[in-house]
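What follows is a single structure, written as structure tokens, with notes after it.
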Amino acid sequence: MDGEAAAGGTSPVRPPSRRRGALDPRLLAYARSTRFFLVLSVLVGAVTAFLVIVQAWLIARVVTGAFVHHRSLGSLEGLFVALLAVIAGRATLAWAAEGASVRASASAKSELRRAVTEHVAALGPAGLEQHDTGKLSVLLTSGLDALDGYYSRYLPQVFLAVMVPVTVIAVVAGADWVSAVLIAVSLPLIPLFMALVGATTRDRTAARMRSLQHLAGHFLDIVSGLPTLKVFGRAKAQARAIAEVTDRYRSATMATLRLTFLSSLILELLATVSVALVAVAVGLRLLGGTMTFQDALFVLVLAPEAYLPLRALGLHYHASADGMKAAEELFALLEEPSPAPAGGSTRPMGTAVQVEGLDVTYPGRVLPAVRGADLTVEAGETVALTGPSGCGKSTLLAVLLGLRRPQGGSVTLGGADLEDVDLEEWRSQIAWVPQQPHLFARSVADNVRLARPGATGTEVEAALGAAGLSEVVQRLPQGVDTVLGEGGAGLSAGERQRLSLARAFVRDAPLLLLDEPTANLDAQTEADVLTTVRHLVEGRTAVIVAHRPALAALADRVVELPAAVRA
């Protein structure tokens, strides 16, 4: 595409991030599977709290019966069986909860990826210019994958960290109110330190995520420009630049790990000291004869269970921090307003095009990419757009496709104003061949069907034949089922271009928009592609962006756009 389509601009100003609790309510809106998982987590937390208390009571009864009352093992058989059943129940519950959390995580990630993909499609090329491609790639891949720790570890632990300690304190208060007070007083120290450490962790995680996104974007830019770098001998210098960015990412990761180990040590120390205080108090009253051995043992077995969920919560917070940060950024993207759809008229439209006084300015720019452009294309006519590079030819095609909204002028499509037509219906009448069409790592047939997914095998082969690719396809190992490399690797430049024209043939649309289909081709390949284009435009309305005279010669009429306005 011409230089006019490469819009510059500054990054949009984002509102300050909002601090949210353990569960971001936006998860409920964008990932509906979260709702069932939350209900399940509450039930698991309640049952786990009950089993913890029953297990402590059974242990106290068994030990007291065996060592205080000197009962035989046979008489304690029922308690042993019940204790084993409770232990097995806790293990089964933990296994089932983790399996459910893994499925919920996979479902939520799928829903979020689908929501982001649909939103990105709604934003269109104009909206995506404000976003870094490398950053989006990281968010949708490794960023969302980090949600596994959030769903499978952190979120279930949140409910356990609330329900188990409260239940334990209430039960301990019935056996020994002093121990209950000690637990209730010392317990808040753990979330307090978690909050202090968590604030630092959040900042470190954000810095680490930014480093990873910067590394991904920098690497993507270098890979896409590698041929140019090789030509000018700058490839090794960029390798050093990547090494520097990678080193910054390594440093940020190690800093986060150091903080994780330190916070785990602090939480373990607090929990150990708190349990020790309860043990000392219980021991003194037991020696003084004011407390029975069974109650003392019951409290001592139960007290660590009050601190365990909070300690695990602090540990899992670090594992989920990356996913939570990525989710916040994805939600910020999803909350960006999409462009308002066009009017939505569904009445039939012809293919005649009338453009009058078109003005288009890219975001972040002051000077327009197109100013005062006029164009008339009658139904069945082929018009070539010419003019110096950067004059707005590709931008004009983007306006006709509905990918850009003009700031001035009018565009009439088959007698209907562009603002009043249904864009999906209008685009169904268009076959578009960009200057640099992308071919995917799929079969030849799949790449052709991108223009019309429902095309039959016969229609695909007919389109390939019309594009002059029949012999090329026959030479491939598996014919039309041969899988190409990413970007069409395995085909020459001319063959890739003709494959994109085969898409236009299989689409069989009445209006063609061709953006310099012979760019960067040698003379012989250009002649082959011109033959295909000549066949393609027959009986159709066509607008062709042309730099080369041979391509412009195919048109019924040539319209030259004036040079772009310069600063």
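The values are calculated or read from the model by the stated rules, or taken from the named source; none is laboratory data. Computed from a predicted model, the values in this text were never measured in an experiment. Because the Cβ atoms are built from the backbone with ideal geometry, glycine has one as well, and the counts that use them run over all protein chains shown. To get the accessible areas, we keep the full protein, side chains included, count just its heavy atoms, and leave off ligands, DNA and RNA. Shrake-Rupley method; radii C 1.70, N 1.55, O 1.52, S 1.80 Å.
As an exercise, use a Förster radius of 60 Å and the Cβ-Cβ distance of T141 and L287 to find the FRET efficiency, rounded to the nearest 0.05.
Given R0 = 60 Å and the Cβ-Cβ separation, E is 0.50.
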Using a simple spin-label model with points 7 Å from Cα along the Cα→Cβ vector, what separation in nm is obtained for A550 and R234? 3.2
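Please state the charge dipole magnitude for the stretch 378-432, taken about the Cα centre, from unit charges on C-beta atoms (+1 on K and R, -1 on D and E), reported in debye and rounded to the nearest 20.
On the way: 4 positive and 8 negative charges, 81 e Å.
Dipole size: approximately 400 debye.
Going by accessible area, probe 1.4 Å, with all protein chains left in place, what is the ranking of K230, K109, K236, largest first?
On the way: K230 135, K109 25, K236 165 Å².
Accessible-area ranking of K230, K109, K236, largest first: K236, K230, K109.
Whenever you get a sec, line up M163, M291 from highest to lowest accessible area (probe 1.4 Å, protein heavy atoms). Spell out each step's value before the answer.
Values: M163 50, M291 20 Å².
Largest to smallest exposure gives the sequence M163, M291.
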Compute the helix-to-body angle for 155-175: its Cα long axis versus the longest principal axis of the chain, expressed 0 to 90° and rounded to tens. 10
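Mind ranking S142, S41, S389 by accessible surface for me, highest first, 1.4 Å probe?
Working: S142 55, S41 10, S389 80 Å².
From most exposed to least exposed: S389, S142, S41.
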Report, to the nearest whole %, how much of the accessible area of the chain belongs to carbon and sulfur atoms, 1.4 Å probe, protein only. 62
Taking the dipole of the chain about the Cα centre (Lys, Arg +1; Asp, Glu -1; charges at Cβ), the one of P388, G288, P510 that reaches farthest to the positive side is G288
Listed values [x] 37; [y] 27; [z] 54, entry calculated as percent of Cα pairs over 36 Å apart: [z]
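Evaluate E = 1/(1 + (r/R0)^6) for A523 and F36, where r is the Cβ-Cβ distance and R0 equals 56 Å; express this FRET efficiency to the nearest 0.05. Don't skip to the answer; put the middle values down first.
Numbers: r = 63 Å, r/R0 = 1.13.
Calculated transfer efficiency: 0.30.
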Distance in nm between pseudo-label sites at V63 and D508 (7 Å out along the Cβ direction from Cα): 8.2
Signed unit charges on C-beta, dipole axis of the chain, positive-most listed residue T525, L536, Q435: Q435
Could you name the lysines in cross-link range of K135, using Cα to Cα under 20 Å and dropping any fewer than eight places away on the same chain? K109, K325
In whole Hz, what ³J(HN,Hα) sequence does the stretch 260-266 give by Karplus (6.51, -1.76, 1.60; θ = phi - 60°), x for Gly and Pro? 4, 5, 5, 5, 4, 4, 5
Run the numbers for E560 and T531: contour at 0.36 nm per residue of separation, minus the present Cα-Cα distance, in nm. 8.1 nm
Enumerate the calculated ³J(HN,Hα) couplings along the stretch 95-107 in order (Karplus 6.51 cos²θ - 1.76 cosθ + 1.60, θ = phi - 60°), each rounded to whole Hz, writing x wherever the residue is Gly or Pro. 5, 5, 5, 5, x, 5, 5, 5, 5, 5, 5, 4, 5
With every protein chain kept in place and ligands, DNA and RNA left out, what is the accessible area per residue of the chain? Probe 1.4 Å, answer in Å². 48
Each label sits 7 Å from Cα toward the beta-carbon; between T253 and Q130 the label points are separated, in nm, by 3.3
For helix 493-507, what angle does its Cα long axis make with the longest principal axis of the chain, in degrees from 0 to 90 and rounded to 10? 90
Helix axis angle, 293-334 relative to the chain longest principal axis, alpha carbon, degrees: 10
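Using a Förster distance of 35 angstrom, determine the FRET efficiency expected from the C-beta separation of A243 and A441, and round it to 0.05.
Numbers: r = 29 Å, r/R0 = 0.83.
Efficiency computed from Cβ-Cβ geometry: 0.75.
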Subtracting the Cα-Cα distance of A170 and L84 from 0.36 nm times their residue separation yields 28.5 nm
